[in-house]
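Here the structure comes first, spelled out in structure tokens, and everything after it is commentary.
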Amino acid sequence: MGIAALGIVSVMGENELLYGLCPNSWNKGYGYEAAKAVLDYGFSVLKFACIAAAVNPQNIYSEKILAKLGMNYAGKLAMSGMEKLRKYVLDVEQYNQRRV
């Protein structure tokens, strides 16, 4: 099916939302539900102040998930050997406002 997790990735040096799905699980809402559960855990249980995510600009569906989660575009990331990624962030105050 796929994976969803939180990690500290050296490229950003921040708490990062990570998720990916097998193709047979695409377009069923699983990506959003899994990413939302991970964000909820990161903010509510682990008490993170901010969570970031990186996305390939060609992955429009993943960008739509990040936008639906309330994450905000925060610029481009340059990684050697990869296309420029787009960075999204959500802080705990924004997260709490969306939950009301």
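The values are calculated or read from the model by the stated rules, or taken from the named source; none is laboratory data. In this text, all values refer to a predicted model and were calculated from it rather than measured experimentally. Quick reminder, even Gly has a Cβ in these numbers, built from the backbone with ideal geometry, and neighbours come from all protein chains shown. Quick note on the areas: whole protein, heavy atoms, side chains included, nothing else; ligands and nucleic acids left out. Shrake-Rupley method; radii C 1.70, N 1.55, O 1.52, S 1.80 Å.
Annotation: of all residues in the range 70-100 being in a loop (DSSP other than H, G, I, E, B) and either in contact with a strand residue (DSSP E or B) (Cβ under 7 Å, 6 or more places away or on another chain) or modelled with pLDDT of 95 or more (or both), the one that is most open to solvent (accessible area, probe 1.4 Å) is Lys84.
For the range 28-57, a residue qualifies if it is surrounded by fewer than 13 Cβ atoms within 10 Å (Cβ to Cβ), of a type outside the set (Lys, Arg) and free of Cβ contacts under 8 Å to residues at least 24 places away in the same chain, and the qualifying residues are Gly29, Glu33, Asp40, Val45.
Checking Lys47, Lys36 one by one, the residue that is on the phi > 0 side of the Ramachandran plot and touching a helix residue (DSSP H, G or I) at 6+ places or on another chain (Cβ under 9 Å) is Lys47 and no other.
Annotation for the range 17-27: at least one member residue is small (Gly, Ala, Ser) and either outside any loop (DSSP other than H, G, I, E, B) or surrounded by 11 or more Cβ atoms within 10 Å (Cβ to Cβ) (or both).
Of all residues being in contact with a helix residue (DSSP H, G or I) (Cβ under 6 Å, 6 or more places away or on another chain) and of a type in the set (A, V, I, L, M) in the range 1-16, which is surrounded by the fewest Cβ atoms within 10 Å (Cβ to Cβ)? Just the residue, please.
Met1
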